[in-house]
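In what follows, a single structure is set out as structure tokens and then discussed.
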Amino acid sequence: MPSGPARLPSDRLLTVLTCPQCHSGLTRADGALRCPARHTFDIARHGHVSLLTGHRRPASADSAAMVSSRAAFLRSGHYDPLARTLADLAAGLAPADATVLDAGAGTGHYLAAVLDALPGALGIGLDTSAAALRATARAHPRARAAGWDVWRPWPVRTGCAHLVLNVFAPRNGPEFRRVLRADGALLVVTPTARHLRELRGPLGLLAVDPRKEERLRRTLSAAFRLDGTERLEFTPALTPGDVVRLVAMSPAAHHLDTAQLPGRVARLGTPVHVTASFAVSVYRPAGSAQ
């Protein structure tokens with residue numbers, strides 16, 4: 001992956017994003033994106049743009065430490081089977097020159113895998129975390145990053161996306177449907193009840209709700225139909241450092257005493273065999289003929 005900042009914007013990006021204040025189109029001027037009403041959004045030196053001007057970032061936004069832990073863990077390759085699964089599915093769901101939106105992009109790791117499978121695609125990652133946006137902006141030459149709270153109506157044109165990714169991130173069903181083309185697809189990843197089961201007791205992690213998938217289908221049922229779900233489970237062998245990074249990159253980091261974490265992990269021994277278990281679901285817009 002390239003280490004330098006992404007080139008933002010591209011002409012295609014400006015056909016996707018809109019002004020969050022007046023919903024007009026955007027152009028580039030003087031290192032910023034600007035609409036005809038002169039609402040202006042600076043392009044950061046790291047290559048991303050924040051459209052959240054005037055809005056407080058949610059408290060749940062990933063910290064720089066969480067993003068750093070996630071980037072290091074994902075670089076280790078332990079979750080590569082998931083990245084490959086997403087890439088393979090994306091290649092069958094979207095054209096090579098697709099517009100891909102990643103809702104809650106994190107480091108951009110999975111968006112990059114999908115873009116590798118779609119050689120002419122543009123990927124746009126939305127996230128509230130400045131650290132995550134910096135990572136996404138450099139994750140792939142065709143990845144762009146925009147700061148936005150995915151719970152709110154998106155600054156994105158209606159019907160512009162061929163594919164929406166949602167990997168361990170908040171789910172805004174109405175906006176997923178609005179931005180997708182009628183022949184588009186939504187690709188969602190959720191952990192199953194077996195995910196990280198070996199770590200829950202020793203490290204005090206919260207259990208995954210066994211009805212998570214049922215709640216997901218119910219949440220999306222008004223606008224989508226389930227096209228299929230693939231179960232993916234594998235057991236990576238982790239070092240103690242891997243386990244610390246795995247926990248520190250997740251929402252569990254908000255609730256655990258991180259000072260005690262290395263000691264607890266050390267008692268697990270080496271290597272630590274951990275179950276990685278996911279449901280990868282494809283949804284189509286309700287009423288589509290796909």
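The values are calculated or read from the model by the stated rules, or taken from the named source; none is laboratory data. Predicted model only: the values in this text are computed from it and were never measured. Virtual Cβ from ideal backbone geometry, glycine too; neighbours counted across all protein chains shown. Heads up: the accessible areas ignore ligands, DNA and RNA and are worked out on the full protein's heavy atoms, side chains in. Shrake-Rupley method; radii C 1.70, N 1.55, O 1.52, S 1.80 Å.
Assuming a ≥ b ≥ c are the square roots of the Cα gyration tensor eigenvalues, decide whether segment 62-171 counts as rounded (a/c under 1.5), prolate (otherwise, with a/b larger than b/c) or oblate. It is oblate, given that a/c is not under 1.5 and a/b is not larger than b/c.
Overall shape: prolate for segment 159-216, with the ratio a/c of the largest to smallest alpha carbon gyration tensor axis at 1.5 or above and a/b above b/c.
Residues within the reach of a label modelled at E230 (point 7 angstrom out along Cα to beta-carbon, backbone nitrogen below 12 Å), restricted to segment 70-97, are 81-93. In terms of the mean number of neighbouring beta-carbon atoms within 10 Å, the peptides 131-142, 29-40 order highest first as 131-142, 29-40. The Rg/Rh ratio of segment 107-221, with Rg taken over Cα atoms and Rh as the Kirkwood radius over Cα pairs, comes to 1.00.
A 1.4 Å probe run over the chain, with the rest of the protein chains in place, finds 44 Å² accessible per residue. Shown is the FRET efficiency for A32 and W151, computed with R0 = 25 Å from the Cβ-Cβ distance and rounded to the nearest 0.05: 0.50. For the chain, the fraction of 1.4 Å probe accessible surface lying on carbon and sulfur atoms is 51 percent. Each Lys or Arg adds one and each Asp or Glu subtracts one; over the other residues with Cβ under 13 Å from the Cβ of R215, this totals +2.
Residues whose amide H lies under 5 Å from that of A193, counting only those 5 or more places away or on a different chain, are absent; hydrogens are built 1.01 Å from N in the peptide plane.
Average projection, convex hull of the Cα set of segment 140-290: 10.6 square nanometres. Cysteines of the chain lacking any other cysteine Cβ under 4.7 Å from their own Cβ: C22, C160.
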